[in-house]
Every structure is written in C-alpha cells, then in structure tokens.
1. Can you tell me which residue is farthest from the chain's Cα centre (by Cα) among those in the stretch 128-147 that are surrounded by fewer than 16 Cβ atoms within 10 Å (Cβ to Cβ) and over 15 Å from Arg66 (Cα atoms)?
2. Hey, could you check the stretch 50-85 for residues that are farther than 23 Å from Lys121 by Cβ and small (Gly, Ala, Ser) and say which is surrounded by the most Cβ atoms within 10 Å (Cβ to Cβ)?
3. For the structure I just gave you, tell me whether Ser90 is part of a helix (DSSP H, G or I), touching a Phe, Trp or Tyr at 6+ places or on another chain (Cβ under 7 Å) and of a type in the set (S, T, N, Q).
4. Out of the stretch 1-48, which residues are farther than 25 Å from Ile125 by Cα, buried (at least 16 other Cβ atoms within 10 Å of the Cβ) and at pLDDT 80 or above?
5. Need pairs with beta-carbon distance below 9 Å; first residue assigned to a helix (DSSP H, G or I) and within the stretch 142-164, second open to solvent by less than 80 Å² (accessible area, probe 1.4 Å) and basic (Lys, Arg); sequence gap 6+ or separate chains.
6. Residue check: is Ala124 at pLDDT below 95 and surrounded by fewer than 15 Cβ atoms within 10 Å (Cβ to Cβ)?
7. Looking at (1) surrounded by 15 or more Cβ atoms within 10 Å (Cβ to Cβ); (2) over 15 Å from Ile24 (Cβ atoms), find the lone condition where Val91 falls short.
Amino acid sequence: MHGLEAGGPQVDIWTAILIVAFCIFLSAFFSGSETALTAASHARMHTLEKEGDKRAAAVMRLLRQRNRMIAALLLGSTLGNIGSSAFTTSVLVVIAGDNGAVYATILMTALLLVFAEVLPKTFAINHPDTFSLRVAKFIEPFVSIFGPLLAAVEFIVRSVLRLVGVELSHDRTMLSPYEELKGAVDILHEEGNVERAARDMFGGVLDLQVLHVSDVMIHRTKMRTIDADLSPVQIVREVLSSPFTRMPSSA
C-alpha cells in the first residue's frame, strides 16, 4: 500500500484497480451462476444428461444438492463483495484521507449494484440453461472444496429455523409434480409460447386420472346424427353441411 502514497510508483494504483476489478468479476460470476442454476430447466438438463452431455451431468449433480450449492455461491459472491469493498476503501483512504471511506462506499455501491448484481443476474435469468452449462464445471469443484464448511453453515441455518418452527427437508416441495407441470404450461401460455388449444389439451391429459367417462360423453339428445333411411344423396348433403368430422347414424 505504500506505493499508493504521494510520489509512489503509478503501477501500484493500476495493480489495485486490477484487484478490485477481479473481485467484482468474482462477485458477478457467483451471483449470475446462482440465478442461472436455480432457474435452469431440470427437464432439459435431464435430457442432455441422458444424451451424454457432461456439462448437463454436472448441472444435475449441483441441483441434487441445491442447498449446499446456493450456500457456496453466496459464499463466493460475499467474498468478492467484501474483498472489493475492503481493498477499495484502503486505497481511497490512502489517497483521499478520512473521506476515502465515504468515497469508497458510494463508488462500490454503484459498481457492485450494476456489475455484480443487476447485469449478471439479468443475463443469467434470460439464458439460464446456457449460463448453467458454461459455469457448472467451475462451480462444482468450488462446492466440493468448501463442502465441510458449507455443511456446517447448512446445519446452523436449519437449527435456527427449527427454533422458530420452520422445519426443512431436503426433499420437501410446496407443489406436487402435477401442479408444477400445470403451472409451467400456464406460464408458457401467458408468455405466448404455448397456444391455448395445446394448453387445454395438456391439461386434459393431466386430468385424466380424476375424470370419469361420463365427464367427457355427450348425451344423445345433444348429438347431431344422420337418419340411416335417407337416400345416399341426402346423406352426403347432411355430411357436407355439418361442422363435425364424425356423425353417427340413427335408425
């Protein structure tokens, strides 16, 4: 830090800038990875894993230990934020005196908000699968290395939540697979990616387990039929004028 004093070599200032930039990059990397991995499509990753994609297999391994993965990503992001803020503060205090801490707070708030939070998370949420496939091979070793520490953190979190009456389970889910599928299709329909007819058809397939034959049958009094005693010409005319593709005959 002495090189940052008045008259000191200029190269130390650039070194300081590079260190701060690297810390911000690390924070952005972990922040974006957290968003991407939590938003990644399980179905697509599972399909790619079955096809032999090693990156997708790494993503699935991370998703199977979601709590530990999130803790690791938060750890990396926090280290980046603290490192960049602390180093910037120490540099600006040397340069600007006691006001350096104020300048560092204002500067790092703006830099971290834009480049370590909003920018990477915006990109990740718009390309979660692509982002996840690219970062999984770097995130997985990080999670493995800090596994024991993260296990301790997870234990503390669960213990604290248990004290306030919140019981967590590794396999606990608020929605059943049935509800998750229907909810996903409804969201895709609202976003314009699935037509209404396709949404209704998929919903009907899911509802088959709770439907009875009588629920889908049409009473004969409401059906359009053809009199079997009509002449062939009249039958053809009736069929052509009908809006339906199937018409039963009545004697």
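The values are calculated or read from the model by the stated rules, or taken from the named source; none is laboratory data. Computed from a predicted structure; not experimentally measured. So basically every Cβ, Gly included, is an ideal-geometry build from the backbone, and we count neighbours across all protein chains shown. What goes into the accessible areas is simple: the full protein's heavy atoms, side chains included, and nothing from ligands, DNA or RNA. Shrake-Rupley method; radii C 1.70, N 1.55, O 1.52, S 1.80 Å.
1. Step one: of the stretch 128-147, the residues surrounded by fewer than 16 Cβ atoms within 10 Å (Cβ to Cβ) are 130, 134, 137-138, 141, 144-145, 147.
From what is left, the residues that are over 15 Å from Arg66 (Cα atoms) are 130, 134, 137-138, 145.
On the way: Thr130: 11, Arg134: 15, Lys137: 18, Phe138: 18, Ile145: 24 Å.
Across the stretch 128-147, the extreme among qualifying residues is Ile145.
2. Step by step, filter the stretch 50-85, then rank; the result is Ala57.
3. No.
4. Ala16, Val20
5. Final answer for the pair search is Val143/Arg68; Gly147/Arg68; Leu150/Arg68; Ala151/Arg68; Val153/Arg68; Glu154/Arg68.
6. Considered against the rule, which asks whether it is at pLDDT below 95 and surrounded by fewer than 15 Cβ atoms within 10 Å (Cβ to Cβ), Ala124 comes out as no.
7. Status for Val91: all satisfied but (2).
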